[in-house]
Amino acid sequence: MSTPSHPQVNRGTTVAAPRPLRLPVAVHNVRAVVQQPIILATLLGLLSLLVTMMALAQPWRTSIIVGSPFDRPYLREFYHAEYSEIHQSGFRWTQPVASVILQGLDQGTVVVLHVHGDYDGMPLGIDNGAGMQTVALRPGWQQVYLLPRVNAWNGNTFIRLNAPAQFVEGDPRARGVAVRQIDIRGNGAMPPLGQAVLLALSTALATLLMGRATHRTWMGALVGLSLALGVGAVLTLDEGYWRLTLTNYTGRLLVVLLLGGLVLLAAEWLLACLVQRGIIRLGPGARRGLAAAALLAFVMRFGAAAYPLNYNSDLPLILGRTWLVREGQLLSIFLPNPALTPVQWEMDVTIPRSPFYYIITTPVTLLPSRYGDELGMLAFSSVVDAVAVLLVGMLVLALGGNGRAAVYGGLLAAALPFGLRMMVSWGILPTLLAQCLSLLAVMVWLHLRPRLHKRWAQLVLGVCLAVAFIAYPTALAFLGTTGALLIALLALRRDPATLPTLWAGIGAVVVAFALFYGWHVPALLSRTLPELAGAFATELPGTVTEPTSTGVLLARTWGAVWGNVEDWYSGLVLALAGCGALLLTLAQMRRPPTLAVLAGPNAKGGYARLVLLCWCVAYIPFAFADEYVVTLILKQVLHLLPALAVLGGLVLGRIGSTWAGRLVAAVALAWVGWEGLLTLIDLVVYGFYQLK
């Protein structure tokens, strides 16, 4: 057999390897420096500092229209907005002692107050930082010019107004003076350095966070550069209005990003621990992506909720109950108390609210500063929502999706516009905790199912279910209906997990009723449940008094189910979820069409598909009911929103197996994220005209 011939090599000589192409030393050093995250963040922070200082040094002027939705961050001890038909302008009455707080002013800024004198010689005391001085007002609207003392570091000024108390028959308020406008005229001299420093730190931190989350230095550079230049543009727009608004947000923005960094690190650590213990299978890239989804969820929610103009309608009620717990008045909210139980929407039906959320959030009321309680509560709920995003990604894995699908599902859950709308505008903070705990209970059942014959596994599952039940009534309704269907299907196939699941659920219900719901049973049976059942029955599509054809009945049924969904989700999200459901159905049709195989132990993700099936079927009866009977909180946040994200993630994960598919998935996610961002902007900037 012939051997392949080899070229003859002269062993006495050395063949030099070709020299690699090297960049010039200067270019190579610049590239090495820029690729260092800390150095890159520092450079962009310095750029932001320079751009911000140049923008703040420009002359500017703006006006605060008192009585508009945008005056709230600057006024203290003012009454609600009113409107004068005579003068065709809005205004607010002050209390006898009131304050105006402004930020971001430069030295020498002139402030003009438009106030109304009720009689000749009406005294108005004004303290602009140099001591109280009295001004005698004349009747009618007039302007009072002030040169307030401004903090050189952050541009803060504090103007106190002291007016004689006035009382009008039929009005119990002690009124001071009417104010309709505040003009601010800055000359740009000696701008506040602290504002520029805070924005520079925020730019540097945003650069680090994006680079860490994506492991792409250029992504961090793009975000940091956009933030640095965008801040400079915002500070010079609209004759200073956005300057006043942004400088009121700089401190909170830095807090949002700092806490976001902690959330990112905690998510990375948690996912690494779960992978190390064999609970989930997720590669390093997918772990980074899912942690980035949690970061996105936290920053979008807390960043919008912490905005000074934002108004959370339920927050005063939530904080009031938390203060009761802090002050040792737990029984006031633990026992039935009609004074603390609001009506359910427009129906005069009391719904019990468990004190669980208020107990675990009591520590946030110990935070310092005037806004410590408010921001602490919003930050806690934003963290809870970030954890829910991680659980959505894990559920995608349990359904048989790959790591890319888990990341896509988490990103969808983080950026869905409806979830952002619920967090920012409606203040359903306890329900977000119930959603997170419900998803956790589902994942615990999926993980412990092979070991549910052991007592400790049943105990762990029972504790998780009981905590979710106590968290909020919506979790009890969601897990109760879903769990009942799940147990029924397991019983039909004589699955060994049937009885352990049943006993854990019964034990959790007993604990929940013993700790809280049992105290409300008499009121629920005598009034709440009958009224809800009657209203629910009248909303069913078949409940009509006149003869109805089958076509009309089907049309009403379709409208009842589809109308609520179509109102709150885009066609793209619904299409992705529909394709995901079709994928799971086709995957199941490849097997013998028996119920046993649906959750068979050899079917990958079979039990997770069974849970998702029960989950979606349980949504249908709730979808028939009007929102005043079964609220959007229950129908959407707990039932539909996570399911849509899970199904959409499965589809995008399947599409993303090729480079073209990854491009399509990126476009779809970018579109959903853009819609979510527009929703936040609309709610934060324009959603407060209702408060006027």
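The values are calculated or read from the model by the stated rules, or taken from the named source; none is laboratory data. Since the model is a prediction, treat every value here as computed from it, not as a measurement. For neighbour counting, all protein chains shown are included, and Cβ atoms are generated from backbone atoms with ideal geometry for every residue, glycine included. Side chains included, ligands, DNA and RNA excluded: accessible areas come from the protein's heavy atoms. Shrake-Rupley method; radii C 1.70, N 1.55, O 1.52, S 1.80 Å.
Some observations on this one:
- Per-residue packing, averaged as other Cβ atoms within 10 Å, sorts the ranges 242-248, 89-95, 646-652, 126-132 into the order 646-652, 242-248, 89-95, 126-132, beginning with the highest.
- For region 45-154, the Kirkwood hydrodynamic radius from C-alpha pairs, put into Stokes-Einstein at 10 °C and a viscosity of 1.306 mPa s, yields a diffusion coefficient of 98 µm² per second.
- Nitroxide proxy distance, nm - points 7 Å out along Cα→Cβ at V168 and E77: 2.1 nm
- Extension gain from V110 to Q276, taking 0.36 nm per residue of separation minus the Cα-Cα distance: 53.6 nm
- Charge dipole (region 239-314, unit charges on Cβ, about Cα centre) - positive-most of A286, V299, A267: A286
- Here r is the Cβ-Cβ distance between I101 and W671 and R0 is 45 Å; the resulting FRET efficiency, rounded to 0.05, is 0.65.
- If you plug the beta carbon distance of A136 and A189 into 1/(1 + (r/R0)^6) with R0 = 35 Å, you get a FRET efficiency near 0.65.
- Sorted largest first by accessible area at a 1.4 angstrom probe radius, with every protein chain in place, the residues T217, T482 fall in the order T217, T482.
- Spatial separation of Cα centroids for region 159-235 and region 417-453, in angstrom: 34 Å
- Packing rank of 70-82, 384-396, where each peptide gets the mean count of other beta carbons within 10 Å, highest leading: 384-396, 70-82
- Figure legend: label point modelled 7 angstrom from the Cα of D120 along Cα→Cβ; residues of region 130-161 with amide N under 20 Å from it are 135-143.
- Between R451 and W242, residue separation times 0.36 nm minus the direct Cα-Cα distance comes to 69.4 nm.
- Computed over region 432-477, the ratio Rg/Rh where both radii use C-alpha atoms and Rh is Kirkwood: 1.01
- Cβ-Cβ distance of E85 and L330, R₀ of 45 Å, FRET efficiency by 1/(1 + (r/R0)^6): the value works out to about 0.40.
- Taking every protein chain into account, the 1.4 Å probe leaves F356 with about 50 Å² of accessible area, to the nearest ten.
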